[in-house]
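**Q** Here you go, one structure.
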Amino acid sequence: MNTSSFRNWQSVHTEVLRRIHAREWEPGDLIPNEADLALEFGCARTTVNRALRAVAESGLLDRRRKAGTRVAVQPVAKATLAIAVIRCEIEERGQQYGYSLISRGEAVPPLALSTAMKTQVDQTLLHVRALHLADDAPYAFEDRWINIVAAPEALDENFEDMSANEWLLKNAHYTHGEIVFSATSASKDEAEVLQCAVQSPLFTVNRMTLDGSSAVTKVRLLYSPGHSIRTIL
């Protein structure tokens, strides 16, 4: 083995994956400890640690304090979801994108929402409602609240030409978030916006992004009836 090729964690990561997939390390096997692997690869122990953490995060290794690291017997596939720019999502489908701002204004949100975002009960947020279109047909209704303490620059945007979805992804930093997928029935107002029948089943995404402990935005996206999502495992 040419140890000179293991100078960064990515190269160690690749070799660890190779050994797992080649069954040199079989499911349930206890693999060498970090110190031994660092000696074998001719690199720092911290480099090995970073590589093993990445493999463990993918579900292929089971790391336990004082018990060592084993190849997972039943690997758990883990998925990471990226927040999509709806405009790009529509254009990638080969459709023409359209956008219409419905309303924009500062308001105190409902108690349930301020509780979820952990903002002050009487704190004013920016409320933006808009419709995204694909080939001139309703695609998604965006109902969004923005924490102007976390993203004060949003107050300078009218969101008439660029959606809050796209503007926030370009301008507002976030560290993590939470997302809930569900099916809901269209209310009278939602049905009017999406041009569908009242009580139509709608694929719904509720998402909140945070910067550290501060909520940046919370959005409810309702997609037109028949919407589907395709992904690759």
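The numbers here are math on the coordinates, done by the rules we state, and not lab data. Keep in mind it's a predicted model, so treat the numbers as computed, not measured. Note that we place each Cβ from the backbone using ideal geometry, even for glycine, and neighbour counts take in every protein chain shown.
**Q** For the chain, how many pairs of lysine residues have a Cα-Cα distance under 28 Å, where the two are 8 or more positions apart or belong to different chains?
**A** Taking the chain as the scope, the lysine pair count is 7.
**Q** Using a cut-off of under 16 Å, list every residue of segment 110-142 whose amide N is near the label point 7 Å from the Cα of Ile102 along the Cα-to-beta-carbon line.
**A** From segment 110-142, the list is 110, 127-134, 137-142.
**Q** Gaussian network model of the chain, Cα springs within a sub-10 Å range: biggest mean-square fluctuation belongs to which of Asp62, Asp211, Asp122?
**A** Fluctuation is largest for Asp62.
**Q** For each of Lys66, Lys170, count neighbouring Cβ atoms within 10 Å of the residue's Cβ, then give the residues from fewest to most.
**A** Ranked by crowding around the Cβ, least crowded first: Lys66, Lys170.
**Q** Give me the number: length gained by fully extending Ala84 to Thr175, i.e. 0.36 nm times residue separation minus the C-alpha to C-alpha distance, one decimal in nm.
**A** Taking 0.36 nm per residue and subtracting the Cα distance, the gain is 31.2 nm.
**Q** For the chain, with a Gaussian network of springs between Cα atoms less than 10 Å apart, report the residue from Thr14, Thr209, Thr217 with the top mean-square fluctuation.
**A** Thr14
**Q** For Ser11 paired with Thr115, estimate the spin-label separation in nm (one decimal), with each label point 7 Å from Cα along the Cα-to-Cβ line.
**A** So the label points at Ser11 and Thr115 sit 5.5 nm apart.
**Q** If you average over every viewing direction, what projected area does the convex hull of the Cα atoms of segment 3-71 give, in nm²?
**A** 4.1 nm²
**Q** Spin-label point model (7 Å from Cα, Cβ direction): what's the Ala22 to Ser213 distance in nm?
**A** 4.8 nm
**Q** Based solely on its DSSP helices, what 222 nm [θ] is calculated for the chain when runs of n ≥ 4 H residues each add -39,500 (n - 2.57) and the sum is averaged over all residues, nearest 500 deg cm²/dmol?
**A** Counting only the DSSP helices, I get -7500 deg cm²/dmol.
**Q** On to the next question. Taking the Cα centre of the chain as origin and charging only Cβ (+1 Lys, Arg; -1 Asp, Glu), how large is the dipole, in debye to the nearest 20?
**A** On the way: 25 positive and 29 negative charges, 248 e Å.
It works out to roughly 1200 debye.
**Q** Moving to a separate point now. Could you list the square roots of 5 times each eigenvalue of the Cα gyration tensor of the chain, that is, the equivalent ellipsoid semi-axes, sorted largest first and rounded to whole Å?
**A** 45, 21, 17
**Q** Which residue fluctuates most in the GNM of the chain (Cα springs below 10 Å): Ala72, Ala137, Ala164?
**A** Comparing Ala72, Ala137, Ala164 in a Gaussian network model of the chain, the most mobile one is Ala72.
**Q** For segment 185-230 and segment 30-45, compute the distance between their C-alpha centroids and round to whole Å.
**A** Between the Cα centre of segment 185-230 and that of segment 30-45, the gap is 49 Å.
**Q** Quick check for me: using +1 on Lys/Arg Cβ and -1 on Asp/Glu Cβ, what's the dipole size of segment 1-118 about its Cα centre, in debye to the nearest 20?
**A** 340 debye
**Q** Using the Cβ atoms and a cut-off under 11 Å, what net charge is assigned to the surroundings of Gly28, where Lys and Arg are +1 and Asp and Glu are -1?
**A** Around Gly28, the surrounding residues sum to -2.
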